[in-house]
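Visitor: Right, I'll just put the structure down here and ask away after.
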Amino acid sequence: MALLDYFLRKKEKQVTTASKAKERLQIIVAHERNNRNKQPDYLPQLTEDILVVLRKYIHVSDESFSINLDNKDGDLNVLELNIELHDEPTSTD
Amino acid sequence: MARIIVVTSGKGGVGKTTSSAAIGLGLALKGHKVVLIDFDIGLRNLDLIMGCERRVVYDFVNVINGEATLNQALIKDKRVSSLSILPASQTRDKDALNKENVGKVLEELGKTYDYIICDSPAGIEAGAMMALYYADEAIVTTNPEVSSVRDSDRILGMLASRSRRAEQGLEPIKEHLLLTRYSPKRVEEGEMLSVEDVKDILSIPLLGVIPESQAVLKASNAGEPVILDTESDAGKAYQDVVDRLLGDTVEFRFLTAEKKGIFSRMFGG
Ligand SMILES: Nc1ncnc2c1ncn2[C@@H]1O[C@H](COP(=O)(O)OP(=O)(O)OP(=O)(O)O)[C@@H](O)[C@H]1O
Ligand SMILES: [Mg+2]
C-alpha cells in the first residue's frame, strides 16, 4: 500500500486542499471582519442608555446583557438584545 | 507589574492547556515568578497536565466566594518553587466568576507574581471572555485547520473589543500567534495550511510553531509539561516560545519535514 501511495501522491500534488482552505478562509475572515467593524459609533452609548433604563426595573449584571448589531448578508441589519433574567426581586433605590 | 497573558483559541482542543503548562513552567525555570490560572470552570484540566491533581484542596471559585484564601488555594509546583497553580473548580456554577471578583484576584496575584498565565476555556462565551478580559497579552493558539483559524480570528475580534484594554481605550492587547500541532510533512504534501498561510490570514506576529508530536501525549500521561522533555521537538519548540516571550530573537525550527530515506518512504513509517 505504501508503495502505491507513494506513486499516487506524486500525481495528486497539483490539487492541493491546503490552497483551497486558504482561499475559503481569506473570504470568510474578510467578511466577518467587515461585519465586526461595521458597528456604528452610537452603539456604546445606546448600550449604556438601555442598561440605565433596564436597571430602573430589573437587576441586570454586565455579564447577563449583550447587544449586537448584525448584518445578515446584504442590507438586512438586525439589532439583537440579549438579557438574561434572574428571578431575584428588583432593587429600586 | 505582572504581565497577564491569556492563552486562548475559540475552538476547543487545540492545545491551550498543553501550551499554558509548558510556557508557565518554562518561564518559571528561567527564574520568574509565575502563576498559572485554570479558567476552565467545571472542567479542570490544567492540574492534571501539571501533575498536581492530587494536591488540589481549594480552587479558584472557593477563593472568589471567600471560602479559602489565595494562599490556601495556590498549589506550589514541586519542580520549580517560583511556580504556582490556581486550579479551576470542577463542579460549581460557571457564573461564579465576574469581572469584579476576578479583577480582585488578579490584582492580588499581581503583587507577588511576574507572570499570570490564564488558561482559557474553549468557546467565545462568558468563560472565555472572563479569561481574556484583563489580559495584557494574548497567545492565540491555533491549529492549521479551517475552523480553528476562523475561531482564532473571532477571538482577535473579542480581544479588540471586549477586553478591559479595549473598553478603557488603553493600548491594545499584544497578540501572539502560536501555531500548534503543525505537521511539516502534510504541509509539503499540500494537505495542511502552512505557517505562512495562517500568518497571512490572521496577520498577527508569530510567537511559535509547535510540531505535532507524540511527546505531548507522553507528557500529559506523566503529568510533566512537555517543555521538560528537552529531547523532544515539541519541548524544544516550547522552549523557543519562552525565550521569545522574554525578548530573545530565536530562529523558527521544525518547519520542514525530516527527509526520510527512499526505503522508509516506500514502505511506510
Ligand atoms: N503539539 C501537539 N502534538 C500532539 N498532540 C497535541 C499537541 N498539542 C496538543 N495535543 C493534544 O491535543 C489534545 C488537546 O490539547 P489541550 O488539552 O492542550 O487543548 P485545549 O485547547 O486546552 O483543549 P480545551 O479547549 O478542551 O481546553 C490533547 O490530547 C493533547 O495531548
Ligand atoms: Mg484546556
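Visitor: To the nearest 20 debye, what is the magnitude of the charge dipole of region B:56-98 about its Cα centre, counting +1 on the Cβ of each Lys and Arg and -1 on the Cβ of each Asp and Glu?
Guide: Values: 5 positive and 5 negative charges, 51 e Å.
So the dipole magnitude of region B:56-98 works out to roughly 240 debye.
Visitor: Can you figure out the FRET efficiency of A:SER64 with B:GLU145, using R₀ = 30 Å and their beta-carbon distance, to the nearest 0.05?
Guide: Numbers: r = 33 Å, r/R0 = 1.11.
Calculated value: 0.35.
Visitor: While we're on this one: Ignoring ligands, DNA and RNA, how do A:GLU23, B:GLU108 rank by accessible area with a 1.4 Å probe, largest first? Could the numbers behind the result be given before it?
Guide: Details: A:GLU23 115, B:GLU108 85 Å².
Descending accessible area places them as A:GLU23, B:GLU108.
Visitor: Take the alpha carbon gyration tensor of region B:165-238, find the square roots of its eigenvalues, order them as a ≥ b ≥ c, and report rounded if a/c is under 1.5; if not, report prolate when a/b exceeds b/c, else oblate. Mind dumping the intermediate values first?
Guide: Details: a/c = 3.18, a/b = 1.35, b/c = 2.35.
It is oblate, given that a/c is not under 1.5 and a/b is not larger than b/c.
Visitor: How many times 2.2 N^0.38 Å is the alpha carbon radius of gyration of region B:1-69?
Guide: Values: Rg = 12.9 Å, N = 69, 2.2 N^0.38 = 11.0 Å.
Working it through for region B:1-69, the quotient is 1.17.
Visitor: Compute for chains B and A the buried accessible surface, both sides summed, probe 1.4 Å, and express it in Å² to the nearest 100. Before the final figure, lay out the partial values.
Guide: On the way: alone 12940 and 8400 Å², together 19340 Å².
About 2000 Å² of accessible surface is lost on pairing.
Visitor: Which far-off residues, 5 or more places away or on another chain, put their amide H under 5 Å from the one on B:ARG3, with H placed in the peptide plane?
Guide: B:TYR115, B:ILE116
Visitor: Test of the criteria: in region A:40-69, which chymotrypsin sites (Phe, Trp or Tyr not before Pro) are in a DSSP loop and have at most 16 other Cβ atoms within 10 angstrom of their Cβ? Mind showing how you got there, number by number?
Guide: Details: sites: A:TYR42, A:TYR57, A:PHE65; in loops: A:TYR42.
Within region A:40-69, the qualifying chymotrypsin sites (Phe, Trp or Tyr not before Pro) (loop, at most 16 other Cβ atoms within 10 Å) are A:TYR42.
Visitor: Could you state the accessible area per residue of the protein assembly as shown in Å², with a 1.4 Å probe and every protein chain left in place? Walk me through the intermediate numbers first.
Guide: Working: 19340 Å² over 362 residues.
Averaged over the residues of the protein assembly as shown, the accessible area is 53 Å².
Visitor: Moving to a separate point now. At 222 nm, what value in deg cm²/dmol follows for chain B if DSSP H runs of at least 4 each add -39500 (n - 2.57) and the sum is divided by all its residues, to the nearest 500?
Guide: Details: 13 runs with 108 residues, N = 269.
So the helix-based figure for chain B works out to -11000 deg cm²/dmol.
Visitor: Between their Cα atoms, which of A:LYS20/B:LYS94; B:LYS30/B:LYS94; B:LYS94/B:LYS236; A:LYS38/B:LYS199; A:LYS56/B:LYS94; A:LYS38/B:LYS174 are more than 32 Å away from each other?
Guide: Values: A:LYS20/B:LYS94 39 Å; B:LYS30/B:LYS94 34 Å; B:LYS94/B:LYS236 35 Å; A:LYS38/B:LYS199 24 Å; A:LYS56/B:LYS94 27 Å; A:LYS38/B:LYS174 23 Å.
In this structure, A:LYS20/B:LYS94; B:LYS30/B:LYS94; B:LYS94/B:LYS236 lie more than 32 Å apart at Cα.
Visitor: A further question follows. Roughly how many debye, to the nearest 20, is the charge dipole of chain B about its Cα centre, given +1 on each Lys and Arg Cβ, -1 on each Asp and Glu Cβ, and no other charges? It would help to have the intermediate numbers written out before the result.
Guide: Working: 33 positive and 39 negative charges, 80 e Å.
So the magnitude is around 380 debye.
Visitor: What fraction of the DSSP beta bridges in the protein assembly as shown is antiparallel, stated in percent and rounded to the nearest 5? Please list the in-between numbers first.
Guide: On the way: 10 of 38 bridges.
Roughly 25 percent of the beta bridges in the protein assembly as shown run antiparallel, per DSSP.
Visitor: Continuing with the same structure: Short version: what are the Cα gyration tensor semi-axes of region B:93-186, square root of 5 times each eigenvalue, largest first, in whole Å?
Guide: Values: eigenvalues 129, 42, 39 Å².
After scaling each eigenvalue by five and taking roots: 25, 15, 14 Å.
Visitor: While we're here: Against the longest alpha carbon principal axis of chain B, how many degrees, from 0 to 90 and to the nearest 10, is the axis of helix B:146-161 turned?
Guide: 40
Visitor: Mind grabbing the base-10 log of I(q)/I(0) for region B:153-192 at q = 0.19, 0.25, 0.32 Å⁻¹? Debye formula, identical points on the C-alpha positions, no solvent, two decimal places.
Guide: -0.63, -0.80, -1.02
Visitor: Another question, if that's okay. Rank B:THR112, B:THR142 by accessible area, highest first, at a 1.4 Å probe radius?
Guide: Ranking B:THR112, B:THR142 by accessible area, largest first, yields B:THR112, B:THR142.
Visitor: Wrap a convex hull around the Cα atoms of region B:1-133, take a quarter of its surface area, and give that in square nanometres. Don't skip to the end; give the middle numbers.
Guide: Details: hull surface 28.0 nm².
Mean projected area for region B:1-133: 7.0 nm², to one decimal.
Visitor: Right, something else. Any chance you could list the semi-axes, whole Å, largest first, of the equivalent ellipsoid that the Cα gyration tensor gives for the protein assembly as shown, using √(5λ)?
Guide: Details: eigenvalues 282, 166, 55 Å².
The answer is 38, 29, 17 Å, longest axis first.
Visitor: Would you pull out the residues with amide H under 5 Å of B:GLU175's amide H, same chain only if 5 or more places away, H placed 1.01 Å from N?
Guide: Distant-sequence amide H within range of B:GLU175: B:ALA138.
Visitor: Cα atoms only, region B:55-109: Rg and Dmax in Å?
Guide: 11.3, 33
Visitor: Which distance in Å, rounded to a whole number, links the C-alpha centroids of region A:19-61 and region B:128-163?
Guide: Here the two parts' Cα centres lie 15 Å apart.
Visitor: Show me, for region B:139-144, the HN-Hα J-couplings you get by feeding each phi into the Karplus relation (A = 6.51, B = -1.76, C = 1.60, θ = phi - 60°), rounded to Hz, glycine and proline as x.
Guide: With coefficients 6.51, -1.76 and 1.60, one gets 9, 8, 7, 9, 9, x Hz.
Visitor: Within the accessible area of region B:92-189, what % is carbon and sulfur when the probe is 1.4 Å and the other protein chains stay in place?
Guide: Details: 1840 of 4110 Å².
C and S atoms contribute 45 percent here.
Visitor: Mind checking the dipole of region B:180-245: about its Cα centre, +1 per Lys or Arg Cβ, -1 per Asp or Glu Cβ, Debye to the nearest 20?
Guide: Details: 7 positive and 13 negative charges, 34 e Å.
Here the size comes out at about 160 debye.
Visitor: Once you have the Kirkwood Rh of chain B from its Cα pairs, apply Stokes-Einstein at 37 °C and 0.692 mPa s and quote D in µm²/s.
Guide: Values: Rh = 18.8 Å.
Result for D is 175 µm²/s.
The values are calculated or read from the model by the stated rules, or taken from the named source; none is laboratory data. Remember, it's a predicted structure, so these values are computed and weren't measured experimentally. Neighbour counts are summed over all protein chains in view; Cβ atoms, including those assigned to glycine, are modelled from backbone coordinates with ideal geometry. Note: accessible area is taken over every heavy atom of the protein model, side chains too, but ligands, DNA and RNA are not part of it. Shrake-Rupley method; radii C 1.70, N 1.55, O 1.52, S 1.80 Å.
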